[in-house]
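The values are calculated or read from the model by the stated rules, or taken from the named source; none is laboratory data. Everything quoted here is computed from the prediction, not taken from an experiment. Here the Cβ positions follow ideal geometry from the backbone for every residue, glycine too, while neighbour counts run over all protein chains shown. In case anyone asks, the SASA skips ligands and DNA or RNA and just uses the protein heavy atoms, side chains included. Shrake-Rupley method; radii C 1.70, N 1.55, O 1.52, S 1.80 Å.
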Amino acid sequence: MRASRYWILFAVCAVGWLAAYVLLPPAMSGTDVFMFRDAGWNLAAYGRFESAGLMYMPDLVPRLYAHYTPMMPLLFAGYLSVFPRNAYAGTIFNLLVGLAAAAVALRWVLAQPSGRLRNGAAFTVAALPVLFVTFDRPEAIAFVLFAATVAVAGRRDVRPLAIGLLIALTFLAHPFFAIAAAIWTASFFLARNWESAQRWQRTLVQVAATGVSALVPIGAVALLFYSLDPTSLSRFAVHALGFHSGMNTVKSGARWYEAIRWATIGVSPLASWNYLASFASAPILAAWWLRHGKELAPQDWLPIASGLACEAISIVLFSFQYNYIVALAFLVPLVLLIAGRERVRLVTPGLALLLFACFLKMPAVGESLVARAEQGPSYRAARTQPEFLRAHLSSPDDIVTMEGNSYDLFKPEFRNMIHLTDTEDVNHFAAVAGVANCYDGYHGGGLRPFPEKLNAGEFHLIQADPQHMWITLFGRRVMRAQWGYGCDLYVRNSASASGAGH
């Protein structure tokens, strides 16, 4: 099949998936939405790039967003400035970003010589671009920037300024992806200089020039944040880099085996499977390297060694971020395909590993579609709950805690939403006026327990969940927990005085 036909297939399938995403109930959001999208919503709707109640914050006061690098919430704010701010906003935004990542992957697959493996990979990516969607996390955005960085680094004409700027942009989207891009960039420089007697000196000069080019824009952004809020950089260090007594990067790296245990037991079975299977891509690549090592020149194995180094860094230094291992299952083959435009021996493992990563993601996509299809009745029953809760609060600026994954359903009504799991407050949450205690993920029966961090005696129930539910497949229960829309709504006893008047 010609390349143009794969692009036509991609366009048709992208429109089809967009229609499906609109017809199905919106995808639920996990707690990552508070870190990666909430500030963007607040910027678009209220003109303030801030959020409250994030991990390690001492109180519930909204502050300039500095929990992570700002690319994703800023892009989400741009999306909300053009498209409706409704319950589907996060779902469609994530889909569009995922389609962009899939288009990048397809571009590099189609750049390879035609054959069964290449055609199979092209068909898979074109027909299932939703495999590249990452809900409420910045991996898909960073994938696009990472690909641009590595593609420029792999050209014959070295451009440290352009590569440095791209690394800076990648860092602003996802610091780990920037680290990976820098490692692969250095390996491409070394491979290009390998035949020179001064290979190491030339490579070091190019790496230094690229590093300076990257640090200047990153420093400018840091200075801007500091000028807006002098506490922002220290909060970034605490939040994003783990400089905190309870989550020190070095300590977590020393307990990498505990992190693997947590990732395989502490998350859902399907997520654990995806993590372990994605981790398997590293030994698969290493085995291929050992088998074909005698046939490979240094320029061939340098990108492979860099990929294995990134896997090791992810395990040792970022052991509790199992999303990084899943992302590397896509990044490693992407780099091999980019390098394959000159090092043709890398094309076959690149295509094979990309197909491997896509197949690993398919069960999760299938589960999500089944869940969303089954959530239809509960979503329709719960759509009026945000407005009902708002009517029982005295102000639209009242703080509401969302204990569940219905962020996108409730956010259009509430400016100040928090999640209690990772939140502390010196005032013991006295400012919380309303509670949406939702049943998605709940394993028990009957009324869901009231959040432990709040005093149940200070709140009263104004509406029970209209229709919480189990996820079924053709009438058979397929999930251990309830996963429908719908929450028990509570308001603080002193916060509902004006509710009757709405």
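Of note:
- Within region 295-316, tally of residues that are open to solvent by 40 Å² or more (accessible area, probe 1.4 Å) and either among the charged types (D, E, K, R) or touching a Ser or Thr at 6+ places or on another chain (Cβ under 6 Å) (or both): 1
- From the list 389, 393, 360, 369, the one residue that fits, being touching a residue at least 12 places away in the same chain (Cβ under 8 Å), more than 30 Å from residue 413 (Cβ to Cβ) and not basic (Lys, Arg), is 360.
- Yes/no for residue 337 being modelled with pLDDT of 95 or more and either open to solvent by 30 Å² or more (accessible area, probe 1.4 Å) or within 29 Å of the chain's Cα centre (by Cα) (or both): yes
- Some residue of region 5-25 being touching a helix residue (DSSP H, G or I) at 6+ places or on another chain (Cβ under 7 Å) and in a loop (DSSP other than H, G, I, E, B): yes
- Test: residue 144 is modelled with pLDDT of 95 or more, open to solvent by 50 Å² or more (accessible area, probe 1.4 Å) and either among the small types (Gly, Ala, Ser) or in a helix (DSSP H, G or I) (or both): no
- Filtering 39, 44, 105, 87 for residues that are assigned to a loop (DSSP other than H, G, I, E, B), open to solvent by less than 50 Å² (accessible area, probe 1.4 Å) and not polar (S, T, N, Q) leaves a single hit, 87.
- Condition met for residue 480 (among the basic types (Lys, Arg) and either at pLDDT 90 or above or under 24 Å from residue 34 (Cα atoms) (or both)): no
- Residues (within 17 Å of residue 156 (Cα to Cα) and touching a residue at least 40 places away in the same chain (Cβ under 8 Å)) located in region 193-237: 194, 206, 209, 210
- Matching helices (runs of 4 or more DSSP H) fully within region 363-468 where at least 1 residues are at pLDDT 90 or above and open to solvent by 50 Å² or more (accessible area, probe 1.4 Å): 376-382, 385-391
- Just one of the listed residues (138, 73) is in contact with a His (Cβ under 7 Å, 6 or more places away or on another chain), open to solvent by less than 10 Å² (accessible area, probe 1.4 Å) and in contact (Cβ under 8 Å) with a residue 12 or more places away in the chain, namely 138.
- Unmet criterion (only one of (1) of a type in the set (A, V, I, L, M, F, W, C); (2) open to solvent by 50 Å² or more (accessible area, probe 1.4 Å); (3) within 28 Å of the chain's Cα centre (by Cα)) for residue 207: (3)
- Complete set of residues in region 273-291 that are of a type in the set (A, V, I, L, M, F, W, C) and in contact (Cβ under 8 Å) with a residue 12 or more places away in the chain: 273, 276, 277, 279, 282, 284, 285, 286, 288, 289
- Residue identified as open to solvent by less than 40 Å² (accessible area, probe 1.4 Å), of a type outside the set (Lys, Arg) and at pLDDT 95 or above among 263, 259, 214: 214
- Sub-7 Å Cβ pairs linking a first residue in region 292-308 that is touching a residue at least 12 places away in the same chain (Cβ under 8 Å) to a second residue that is open to solvent by 20 Å² or more (accessible area, probe 1.4 Å) and of a type in the set (Phe, Trp, Tyr), at least 6 apart or interchain, are 298/194; 299/194; 301/289; 304/289, ordered by first then second residue.
- Within region 155-182, considering residues that are in a helix (DSSP H, G or I) and of a type in the set (Val, Ile, Thr), the one farthest from the chain's Cα centre (by Cα): 163
- Of all the numbered requirements in (1) within 20 Å of residue 170 (Cα to Cα); (2) part of a helix (DSSP H, G or I), residue 92 misses one, and that requirement is (1).
- Sole residue being without any contact (Cβ under 8 Å) to a residue 12 or more places away in the chain and surrounded by fewer than 24 Cβ atoms within 10 Å (Cβ to Cβ), chosen from 115, 120: 115
- Scanning region 1-28 for residues that are touching a Leu at 6+ places or on another chain (Cβ under 9 Å) and either under 25 Å from residue 117 (Cα atoms) or open to solvent by 40 Å² or more (accessible area, probe 1.4 Å) (or both) gives 1, 3, 6, 7, 10, 13, 14, 17, 18.
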